[in-house]
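**Student:** Have a look at this one before I ask anything.
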Amino acid sequence: MHRKMTLLVLIMILLTACTAKAPDVQDVWEPYIGTCVGDNGNVSAVANNVLDLGDTIDHFDLRGEVLHIIYRSDNESLKKWFDTARTMKETIIYNAMMAAVFVPNAYGYAFSIDDVLFEVTREALITEMSALFETIPQENEFFDKAIVSKFLQLQEHEIRKYAKDITYQKSFFSKFPLSKIEK
């Protein structure tokens with residue numbers, strides 16, 4: 001009897017897990033689509049909730065309408081970023097592309113991690129992304145929640161795949177190199 005009951009509970013758990021729906025991109029990210037550089041609250045929410053390693057952000061700077069995210073340089077944060085060079089590069093690519101999707105009126109995007117700086121103009125990044133994603137929104141379409149949600153549902157996993165691909169990382173950083181920050 002005990003075995004039958006255990007088997008029944010196991011089957012119920014499996015059925016529930018298999019039918020549970022993952023949160024929809026719309027539900028999780030929709031409030032942040034079309035965030036403007038001047039909207040500090042939503043820019044902060046995008047940085048903390050959409051971008052990878054948001055928990056290591058120290059602050060952000062919006063001068064010159066460039067979204068510049070500065071990450072903490074404490075040992076715990078640096079360990080997350082510099083666990084491997086690939087982790088840092090993967091995160092920068094993913095975060096740059098996602099920032100371009102969510103903060104469409106920025107002139108550029110920058111990330112500072114310890115003594116490493118990454119900077120790219122929006123125009124250059126969107127050109128790069130357009131070569132990868134045929135369905136990327138165009139100009140003002142980045143402010144349309146339905147269009148951006150559909151793009152993210154179709155392409156967010158591809159953005160992550162490109163970010164993880166070592167060959168793509170080499171290509172990306174040959175076009176948009178990392179630089180050292182003089183301290």
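The values are calculated or read from the model by the stated rules, or taken from the named source; none is laboratory data. Everything quoted here is computed from the prediction, not taken from an experiment. Note: ideal-geometry Cβ built from the backbone for every residue, glycine included; neighbour counts use all protein chains shown. Areas reflect the complete protein model, heavy atoms only, side chains present, ligands, DNA and RNA absent. Shrake-Rupley method; radii C 1.70, N 1.55, O 1.52, S 1.80 Å.
**Student:** Say we look at the range 120-132 and pick out the residues that are surrounded by 17 or more Cβ atoms within 10 Å (Cβ to Cβ) and touching a residue at least 24 places away in the same chain (Cβ under 8 Å); which of these is nearest to R160 (Cα to Cα)?
**Tutor:** Taking the range 120-132 as the starting set, the residues that turn out to be surrounded by 17 or more Cβ atoms within 10 Å (Cβ to Cβ) are 120, 122, 125-126, 128-129.
Checking which are touching a residue at least 24 places away in the same chain (Cβ under 8 Å) leaves us with 120, 125-126, 128-129.
Numbers: V120: 18, L125: 15, I126: 16, E128: 15, M129: 12 Å.
Looking at residues that are surrounded by 17 or more Cβ atoms within 10 Å (Cβ to Cβ) and touching a residue at least 24 places away in the same chain (Cβ under 8 Å), I get M129.
**Student:** Those residues that are free of Cβ contacts under 8 Å to residues at least 24 places away in the same chain, outside any loop (DSSP other than H, G, I, E, B) and over 22 Å from I113 (Cβ atoms), I need them from the range 25-47; list them, please.
**Tutor:** D27, V28, P31, G41, N42 - these are the residues of the range 25-47 that are free of Cβ contacts under 8 Å to residues at least 24 places away in the same chain, outside any loop (DSSP other than H, G, I, E, B) and over 22 Å from I113 (Cβ atoms).
**Student:** Given the conditions (1) in a strand (DSSP E or B); (2) more than 14 Å from the chain's Cα centre (by Cα), report the number of the one that Y109 does not fulfil.
**Tutor:** Status for Y109: all satisfied but (2).
**Student:** Can you tell me which residues in the range 134-153 are within 17 Å of A99 (Cβ to Cβ), aliphatic (A, V, I, L, M) and either assigned to a helix (DSSP H, G or I) or touching a residue at least 60 places away in the same chain (Cβ under 8 Å) (or both)?
**Tutor:** Answer for the range 134-153, where residues must be within 17 Å of A99 (Cβ to Cβ), aliphatic (A, V, I, L, M) and either assigned to a helix (DSSP H, G or I) or touching a residue at least 60 places away in the same chain (Cβ under 8 Å) (or both): V148, L152.
**Student:** Find the residue count for the range 154-181, including only residues that are over 16 Å from A99 (Cα atoms), in a helix (DSSP H, G or I) and open to solvent by 30 Å² or more (accessible area, probe 1.4 Å).
**Tutor:** So the answer is 9.
**Student:** Moving to a separate point now. Taking the range 48-94 on its own, how many of its residues are of a type in the set (G, A, S) and without any contact (Cβ under 8 Å) to a residue 40 or more places away in the chain?
**Tutor:** 3
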